[in-house]
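Where a number appears in this text, it was derived from the coordinates with a stated rule and is not lab data. What you are looking at is a predicted structure, and each value in this text was computed from that prediction instead of being measured. Positions of Cβ are generated from backbone atoms using ideal geometry, with glycine treated the same way; all protein chains shown enter the neighbour counts.
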Amino acid sequence: MQHLSDNYEVMQGPLVEMENIVVRKNGRLILDSISFNIKKGENIAIIGPNGSGKSSIIKTIIGDYRPIANTEGMVFRIMEKDRWMISDLKKLLGIVSGDLQLEYMRDISVVEVVLSGFFSSIGIYPNLKIKPQMLKRTMEIIDFLEIRHLADKNISEISTGEARRVLIGRALVHDPMILVLDEPTNSLDLKSKHKFRETVSKIAASGKSIILVTHDLEDIVPEIHRAVLLKDGRIFADGDIEDILTAEKLTELFGIPVEVGKDKGYYHAWC
């Protein structure tokens with residue numbers, strides 16, 4: 001089945017290119033001179049306290065927020081284009097968030113949830129034309145995520161952790177270039193977090209670029225090698241994860257004494 005992302009396999013430039021990006025919302029400055037790029041195949045963690053601008057960066061990338069156009073030196077390109085139809089752009093960006101999960105807490109089968117990713121809809125409506133290739137791809141993704149046993153259940157009947165993995169399936173079904181995970185383990189218990197992280201590692205190993213937005217270092221799977229720290233709408237630090245996730249930097253970022261440890265490839269922090 002032909003996917004939009006097939007047209008970008010030969011792309012040489014960054015997937016995301018942002019230079020001197022300024023965003024205001026209701027008159028308030030929420031992103032202040034943001035500059036960073038994301039290369040093809042690169043996995044990145046965006047980390048910061050509440051209100052630091054993490055979700056605002058994601059909303060800017062997916063087109064929900066728009067940068068101030070007349071800012072001096074501004075560059076804003078997604079997959080080498082500076083203008084997009086939002087509907088086309090979102091087909092190249094698979095997005096998973098707790099807010100999205102709330103919209104799905106109803107009687108919609110797991111198969112329909114994953115299938116709805118083709119249409120960017122909440123569930124499947126009678127007027128949508130479902131092609132056999134879409135159903136085939138849906139079942140391939142369900143098998144890849146090891147959730148075939150959930151296929152016929154309603155998403156409202158399964159656990160929060162299982163539902164989060166189903167939403168990953170929805171995000172992956174149209175073969176996006178980038179998978180965006182916005183605070184993905186909020187409200188998950190320890191077992192569900194562990195399974196979710198295993199799933200993210202599997203996806204990263206398949207070659208997708210992952211943008212992980214979090215304030216919890218334990219969400220960062222070993223396949224993520226770059227971290228961007230945000231504070232007050234500005235980039236506080238950006239670089240190799242080993243250099244960025246230090247006690248000194250995180251203490252300054254969060255404004256409290258922080259210790260950092262690492263075990264089996266996973267970071268953890270405590271005060």
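Summary of computed values
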{"read-out": "Residues whose placed amide H lies under 5 Å from that of V16, excluding near-sequence neighbours", "value": "I38, M79"}
{"read-out": "Gaussian network model of the chain, Cα within-10 Å springs - most flexible of P14, P132, P49", "value": "P132"}
{"read-out": "Amide H within-cut-off set for L31, under 5 Å, with H built and near neighbours excluded", "value": "V23"}
{"read-out": "Residue order, fewest to most beta carbons within 10 Å, for R83, R164, R197", "value": "R83, R197, R164"}
{"read-out": "Sparse-neighbour loop sites [trypsin sites (Lys or Arg not before Pro); segment 199-271; at most 16 other C-beta within 10 Å; DSSP]", "value": "K264"}
{"read-out": "Mean-position separation - Cα centroids, segment 15-43 and segment 196-210, in angstrom", "value": "24"}
{"read-out": "Sum of side-chain charges, E183 neighbourhood, beta-carbon under 15 Å (Lys, Arg +1; Asp, Glu -1)", "value": "0"}
{"read-out": "Ranked list, fewest to most other Cβ atoms within 10 Å of each Cβ, for V23, V200, V114", "value": "V23, V200, V114"}
{"read-out": "Neighbourhood net charge (13 Å Cβ-Cβ; Lys/Arg +1, Asp/Glu -1) for K81", "value": "-2"}
{"read-out": "Beta bridges per DSSP with both ends in the chain, % antiparallel, nearest 5", "value": "55"}
{"read-out": "Counted charge near S52, where neighbours are those whose Cβ lies closer than 10 Å (Asp, Glu -1; Lys, Arg +1)", "value": "+2"}
{"read-out": "The chain: most fluctuating residue of G73, G41, G207 per GNM, C-alpha cutoff 10 Å", "value": "G73"}
{"read-out": "Per-residue Cβ neighbour rank within 10 angstrom, fewest leading, Y266, Y65", "value": "Y266, Y65"}
